[in-house]
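One structure below.
Only the coordinates and a few stated rules stand behind these numbers; no lab work does. Keep in mind the model is a prediction, meaning the values are calculated, not measured. No Cβ is skipped: glycine too gets one built from the backbone with ideal geometry, and neighbour counts run over all protein chains shown.
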Protein chains: 2
Amino acid sequence: MCGIVGYLGQKEAQPLLLSGLRRLEYRGYDSSGIAILDKGQLGVVKRKGRISELELALQKQGLPGKIGVSHTRWATHGIPSDANAHPHLDQSHRLAIVHNGVIENYQLLKQRLSDSGHHFESETDTEVLAHLIGEAYDLLPPQDPQRLENAVRSALTEVIGTYGIAVIHADCPNLLVGARRGSPLILGIGNGEFFLSSDVTAVSGQAQRVVYLSDGDIVAIRPDGFDISSLTRPRVGFEISEVEKTEAEAELGGYPHYMLKEIFDQPEAIRNAMRGRLDLEEATAKLGGLNMNPHQLLRIQRIVIVGCGTARHAGIVGEYLIESLAHLPVEVDYASEFRYRNAPLDGETVVFAVSQSGETADTLAAVREAKRKGMRVLGICNQVGSTIARETEGGVYMHAGPEIGVAATKSFTSQVLVFLLLAVLLGRLRYLSARQGKKLIEAIEKLPDQVTSVLSRHKEIRAIAEKYADAEAMLFLGRQFQYGIALEGALKMKEITYIRAEGHPAAELKHGVIALVDERIPSIFLCPQDGVYDKNVSNIAEVKARRGPVIAIASEGDDRIGKLADDVFLIPQCSELLAPILTVVPLQLLAYYTALSLGRDIDKPRNLAKSVTVE
Amino acid sequence: MCGIVGYLGQKEAQPLLLSGLRRLEYRGYDSSGIAILDKGQLGVVKRKGRISELELALQKQGLPGKIGVSHTRWATHGIPSDANAHPHLDQSHRLAIVHNGVIENYQLLKQRLSDSGHHFESETDTEVLAHLIGEAYDLLPPQDPQRLENAVRSALTEVIGTYGIAVIHADCPNLLVGARRGSPLILGIGNGEFFLSSDVTAVSGQAQRVVYLSDGDIVAIRPDGFDISSLTRPRVGFEISEVEKTEAEAELGGYPHYMLKEIFDQPEAIRNAMRGRLDLEEATAKLGGLNMNPHQLLRIQRIVIVGCGTARHAGIVGEYLIESLAHLPVEVDYASEFRYRNAPLDGETVVFAVSQSGETADTLAAVREAKRKGMRVLGICNQVGSTIARETEGGVYMHAGPEIGVAATKSFTSQVLVFLLLAVLLGRLRYLSARQGKKLIEAIEKLPDQVTSVLSRHKEIRAIAEKYADAEAMLFLGRQFQYGIALEGALKMKEITYIRAEGHPAAELKHGVIALVDERIPSIFLCPQDGVYDKNVSNIAEVKARRGPVIAIASEGDDRIGKLADDVFLIPQCSELLAPILTVVPLQLLAYYTALSLGRDIDKPRNLAKSVTVE
């Protein structure tokens, strides 16, 4: 999604801004741009397409100067184009802004500004914001020592929507202003230099310390330091944190794509997620970060899990795990639906918010709504120090390491593992005996090696992927613990291959979806040995009866499935509770190798963004 | 889905059986067959394809005789073919059986029978059952006066799975045997003649009275009467009901397809669903069939709604309605998932099972599981006297009239209306004032006329349908009350046009699905005036920014949407609670006219069945 990098310091801004943008590239974008101040003049270059296009343009016409703002755009209002790329300028062409988020009342504001003579060069909501700030600036007295900050403050009071912004003005050669509401923004502090960025990744290696700005903050950065105020208060408190090592740039390490690297990272990632959290002695899991004692955990009567995309799918697997082991009612909701539906909750309900980045706008909004309702909200995040991690009362870090591929892989298995630990913990407080707990923990400890064994057979999946790469559409089918995996398998396929893939509970096929089945539409059935194996076999027969090709992900030792399915991939035998972590891996590889066959841009699929910071 | 018709009487069986099969045709099938006994000889004719193929074959070689069984098959094991069509014969070729349901352990049974010399001519599980009964018959002494019933009883004890069967044997010229477990079977009683059928529709007009057989029943019909026993008891009780008028055959009434007729039936259907149930005086809804007094209704703490396909989508709309008006937590589950997941329930939870036919196998299984857990289970069904209606403690009939089109339309709006009434009733017991209740009831009373006004503008939708009929895929997007409508719109499109249509909450687009968007994939946005209108507009802008065509279903008086969307259809202004009943109608028409443009077989889409009586 959109990325912001701003710089103020003693060095040339252009190479630092470009290197920051490069680090944000993985988040998905469709155009980029840069504005730098030099000798009271504003230089701007913007290009549709990859950052390399911008660099090419800058080779012809470099931008000197030591203060600037830059941006990668993921289109929300207006198609990707040079004109719609950020930075945007105000009417005077002396103020430049970059912006993440959505200004919801931009049409009204645009109308008012047009009526008073403003001309717009783009279709974006951001340009309206630029003009609004420029107008406020012109109305303030030139002698105001905080004229630009005050103009930003004044303009933002008129705005409905979300924003993270960085602003410079040709009149102010030593001032960089930032503000946020709803979209993340961090202030990076280096040696005599400062950064503004939407993501700590962009400044890691440059800034040693960071301030995670809070919603409503306005920061004014000058060479000698910075001030943080808010829309209503002249000064607000803040906290300076060290940049953690794990936030440093991830390397490809010899893999052709981040996605493939991250699929192969999984044994290590889930090992990290369980490290120090399994207690064989007490036959339970330990999750101290929840900040809840056993007595409090025992009082939970209901759990609501909110998330988007892949994180929601992990929540669906979690729902079955917690219901099975702890027999607590669990409901999973789209974060975007949860936040508006005024869901009935009570004091004994706990809300879990799942987000790899910890910045997902819909999920963050759901967290805040649940908090307003007096709920205890806990986070399951990967990014340490992210907004959701900070705004929740506690939670569990995934410790999966940086995930760069837009299609989430290792964050999914880590999230499922965290839910498994949570289910064991809640289960042991309720119905699980020490013997059952111990057995589960021993099985969980085997998972990393079992994932490694699945990965070692990647060539089998590659052959299947190549066989079906020209499919028009695909169906992914699973029941119970495998239902969430069916959804996730379909999403991976859709995200990086653009094949129309759908995930459904296997039984739901015959209630409509089976109309799609013919010789050209393969169905992928998740049918490891579990309580619904026989039912799955009946559903496979229904698909075969309509000549649909069937790929089955089954368990080692299954000698029935080979007679029914066209292609079979076998996972190691394990409890049905643990199987989702093993069955999702071949589906990740299936999507990857299919995309490879089709020549897709795997790490940067069209239209998509890594961390979705608009609603 | 599969249909059974059996006959024993004084008339020629063939025309009666064929006419019964014709009445079951709407349920979906891919082959049919008939077996008739005459002078100790069994005559069998079976054909892949439509019933007209079977009739053609019977014109060449008629089957005389006054006792017979017949079947329409919806393939579960083995492709549609002459050989796989029912009836199936035993090893001696003297016993014929027709069967609905799935024999889960057929592979094991087949192996055992093959080892002892049995030969099979089809890939079906049913043929295995025929051989199994034939084997049991041969082992029983010829002097046993109940040899055939006893053979059926003995064979069925070996079977795991579901069945509704009808059996005849060349040795028994005056005996028709039926049995059921999991699949419906009814005994029709006429004047000196008897019918066995999977559906009362098949015998209406012929039989005046019926016995709805219960699970485990075995019926033996002879010219002078019938006996009902069970697997374990020599005699069981039963009840004889009159055949109701509404169960009589539905007529096309000048429409080219049942689906179109049923779309246009909707003003009348929802008028029937609300008739006698609105009380303006008391500002509430009256649903006496729930069999719960106000005190009991007030004690409900949580509601679980189970259903499949369209019925589940109505449940999702119901979830938002009940949560809004009564502020009770509601969870909607796939019936197939619910039945196996051992969901945590307690005594204050009420389960609603939604099924038009009242025979949906997955939903019925969920009803039984919930009853086993001591839950109060209520039904929302259309078919009076159906298994779900009989096995629940109470419920609400939809009174939508017979629905023949495989793609459900009027049953959906009727189900949503029933949930609306339920939400008003539960709301008035809790948070709704008399004033609010009255306002809602007045608005509900306007709905039939508002639906009529939407239908009168069918040409606008037809034009949109023709414009986009060659789309490769379509996205249906809605939030909150419109989320279930997005799912239902996509399902209609998929069922009858085979276009890969997906429904999602609008906000979820950017979490993966937006990768599919390009110039050829239209998105249908449901954005009437409601609390999330502005958010929808932002999501439309995201799609337009990627050049995706947008069709918007919006409210009259909306002057913003026309500037964003490519095509707009406006519904009458109404409360956001009622809008789902109005927005779904244009989506039904969109699917219908798209299918018409593509020349699809609208009332009998491929692979699908009307009432899904296998799991």
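Label-point spacing at B:Gln436 relative to the other copies reads 4.2 nm, in ascending order, each point sitting 7 Å out from Cα along Cα→Cβ. For chain A, the Cβ-based charge dipole about the Cα centre amounts to some 520 debye (Lys, Arg positive; Asp, Glu negative; other atoms uncharged). Of all chain B residues, the closest to the B-onto-A rotation axis by Cβ, with that distance in whole Å, is B:Arg500, 2. Computed from the Cβ-Cβ distance with R0 of 22 Å, the FRET efficiency linking A:Arg520 to B:Arg520 stands at 0.75. Among B:Val304, B:Ile514, B:Gly557, whose Cα lies farthest out toward the positive end of the dipole of the protein assembly as shown, if unit charges sit on the beta carbon of Lys, Arg (+1) and Asp, Glu (-1)? Result: B:Val304, furthest along the dipole toward the positive end. Pairs from the table (A:Lys438/A:Lys544; A:Lys48/B:Lys563; A:Lys510/B:Lys410) lying more than 31 angstrom apart at Cα are A:Lys438/A:Lys544. Expressed to the nearest 5 percent, the antiparallel share of DSSP beta bridges inside chain A is 60 percent. Taking 0.36 nm per residue of separation and subtracting the Cα-Cα distance, full extension of the segment from B:Thr232 to B:Asn293 would add 18.1 nm. Give me the angle, in degrees from 0 to 90, between the Cα long axis of helix A:106-115 and the longest principal axis of the Cα atoms of chain A, rounded to the nearest 10. It is inclined by approximately 20 degrees. In the range A:258-598, taking the dipole from charged Cβ atoms about the Cα centre, the farthest positive-side position among A:Leu278, A:Leu325, A:Leu429 is held by A:Leu429.
Considering helices alone, the calculated mean residue ellipticity of chain A at 222 nm is -11000 deg cm²/dmol, with DSSP H runs of length four and up weighted by -39500 (n - 2.57) and normalised per residue. Computed from backbone phi, the HN-Hα couplings of the range B:348-357 come to 9, 9, 10, 9, 9, 9, 10, 7, 4, 6 Hz, rounded to whole numbers (Karplus: 6.51 cos²θ - 1.76 cosθ + 1.60, θ = phi - 60°; Gly and Pro given as x).
One decimal place: the segment A:Ser92-A:Ala443 gains 119.7 nm when fully extended, by the rule 0.36 nm per residue minus the C-alpha distance. Please report the relative contact order for the range A:3-242, taking Cα pairs under 8 Å with a sequence separation of at least 6, and give it as a percent rounded to a whole number. So the answer I get is 20 percent. Cα convex hull, the range A:3-242: 110 Å³ per residue, rounded to a whole number.
Look at the alpha carbon pairs under 8 Å that are at least 6 residues apart: their mean separation over the length of the range B:195-333 gives a relative contact order of 14 percent. Counting only alpha carbon atoms, the long axis of helix A:147-156 and the longest principal axis of chain A meet at about 50°. Each Lys or Arg adds one and each Asp or Glu subtracts one; over the other residues with Cβ under 14 Å from the Cβ of B:Lys467, this totals -3. Listing A:Phe481, B:Phe238 from fewest to most neighbouring C-beta atoms within 10 Å gives B:Phe238, A:Phe481. Between B:Ser597, B:Phe120, B:Leu287, the Cα set farthest toward the positive side of the dipole of chain B (charges on each charged residue's Cβ, about the Cα centre) is that of B:Leu287. Just need the relative contact order of chain B here, percent rounded to a whole number, with Cα pairs under 8 Å and 6+ apart. Relative contact order of chain B: 13 percent. Each residue of the range B:559-575 was assigned a 3J(HN,Hα) from its phi angle through the Karplus curve 6.51 cos²θ - 1.76 cosθ + 1.60 (θ = phi - 60°); the sequence is 9, 8, 5, x, 6, 9, 8, 6, 9, 9, 10, 9, 9, x, 5, 6, 4 Hz, with glycine and proline shown as x.
Sequentially through the range B:411-420, phi angles give Karplus couplings (6.51, -1.76, 1.60; θ = phi - 60°) of 5, 5, 5, 5, 4, 4, 4, 4, 5, 5 Hz, Gly and Pro residues having no value and appearing as x. As a rough footprinting exposure proxy, the listed residues A:Met375, A:Met1 were ranked by other beta carbons within 10 Å of their own, and the order from fewest upward is A:Met375, A:Met1.
Here chain B is described by how far its Cα atoms reach on the three principal axes: 82, 55, 44 Å, from widest to narrowest. Computed from Cα atoms, the angle from the helix A:309-326 axis to the main principal axis of chain A rounds to 40 degrees.
Computed extension length for B:Gln301-B:Ala469: 55.9 nm, one decimal, from 0.36 nm per residue of separation with the Cα-Cα distance subtracted.
Remark: the range B:434-570 carries a charge dipole of roughly 200 debye about the Cα centre, counting +1 on each Lys and Arg Cβ and -1 on each Asp and Glu Cβ. All other residues whose Cβ lies under 14 angstrom from that of A:Gly254 are scored, Lys and Arg at +1 and Asp and Glu at -1, for a net of -2.
By the gyration tensor of its Cα atoms, with a ≥ b ≥ c the square roots of the eigenvalues, what is the shape of the range B:509-615: rounded for a/c under 1.5, prolate for a/b over b/c, or oblate? It comes out prolate by the Cα gyration axes. Sorted on the mean count of surrounding Cβ atoms within 10 Å across their residues, most packed first, peptides A:200-207, B:146-153, A:286-293 read A:200-207, B:146-153, A:286-293. Among beta bridges identified by DSSP and lying wholly in the protein assembly as shown, the antiparallel ones come to about 60 percent.
Which of the lysines could be linked to B:Lys439 by a straight reach, that is with a Cα gap under 21 Å, when you skip same-chain ones fewer than 8 residues away? Those lysines meeting the cut-off are B:Lys286. Taking other residues whose beta carbon is less than 10 angstrom from the beta carbon of A:Asp566, and scoring Lys, Arg as +1 and Asp, Glu as -1, yields +1.
For A:Gly599, inter-copy separations between label points set 7 Å beyond Cα along the Cβ vector come to 3.3 nm, shortest first.
Beta bridges per DSSP, both residues in the range A:258-598: antiparallel share near 5 percent.
Close amide H partners of B:Asp38, meaning residues 5 or more places away or on another chain with modelled amide H under 5 Å apart, are B:Gly43. Pair-distance distribution of the protein assembly as shown: all C-alpha pairs, bin width 10 Å, starting at 0; shares per bin in whole percent are 2, 10, 17, 21, 20, 15, 8, 4, 2, 1, 0, 0. Each copy carries A:Lys39; placing its label point 7 Å along the C-beta direction from Cα gives inter-copy distances of 11.6 nm, listed from smallest up. Charge dipole of the protein assembly as shown (Cα centre as origin; +1 on each Lys and Arg Cβ, -1 on each Asp and Glu Cβ, all else neutral): 540 debye, rounded to the nearest 20.
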